[in-house]
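Heads up: the structure comes next, in structure tokens.
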Amino acid sequence: MSVREENLNVMLAELLAERGLRALGEVVLRKGERRPEPDILIELNGVRIVIEGRKLEQKQNTWKALAERCDERLDSGICDLCVMVEYVDIPLRKLNPSQLDIKEALLNGKFNVGFISYVDKVGLEKWLNVSPKPEKYEAISFNELLTHLMSAYSKIVREDIIDPVIKKINEILNEFAKVVSTQVNVERLKDVLELREKEEEPDER
């Protein structure tokens, strides 16, 4: 495949923005200028989505590299959701394809795809019963990629993160309080903390 990964990423983002993502709301597509290769940032109703795509290399662990790159994106606060894309089979039939040719090839291509969100990164998976590692969808079509992306977006805007954590913390504190109340010598604790009831002063009349 002679097309640069950056070009594939840009065209893929444009296709996503042109198609099903618009069903979820207003889409803004930005191309970053902080490095020569553009960062693809999709803003969808306040949710920032970055696409990190690489050509599938048999001799390299491109999936691991993508996961590490997405970790960096989320840790730096650039996005709320990072999309990992391995370009498995992009059927380009021209030596010098136009942008329209690239879009057509992407529409008919195959991808390995995964998602990492800020929910995964903040370590709340044990509270929310979600997997800490991104699931990998292999050799899927463009329409399937779009469906998974819309599902990942919906999960982010739907997930109530704070309430489950607060509930779990309260459960742990209540359990701790019960254990302490049955094992602590209150009088001894008063001595240690120098807590004594104030003696009543004599009634002077």
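Some observations on this one:
- Selection count, the range 92-143, where residues are within 20 Å of the chain's Cα centre (by Cα), surrounded by fewer than 17 Cβ atoms within 10 Å (Cβ to Cβ) and at pLDDT 80 or above: 4
- All positions within the range 49-108 that are in contact with a strand residue (DSSP E or B) (Cβ under 9 Å, 6 or more places away or on another chain), within 18 Å of residue 142 (Cα to Cα) and among the aliphatic types (A, V, I, L, M): 49, 50, 51, 56, 83, 84, 85, 88, 90, 106
- The C-beta contact set for the range 1-21 (first residue within 17 Å of residue 152 (Cα to Cα), second residue in a helix (DSSP H, G or I) and polar (S, T, N, Q), distance under 8 angstrom, 6+ apart or interchain) comprises 20/147.
The values are calculated or read from the model by the stated rules, or taken from the named source; none is laboratory data. Since we're looking at a predicted model, the values are computed, not measured. When we count neighbours, we look across all protein chains shown, and the Cβ atoms used for this are built from the backbone with ideal geometry, even at glycine.
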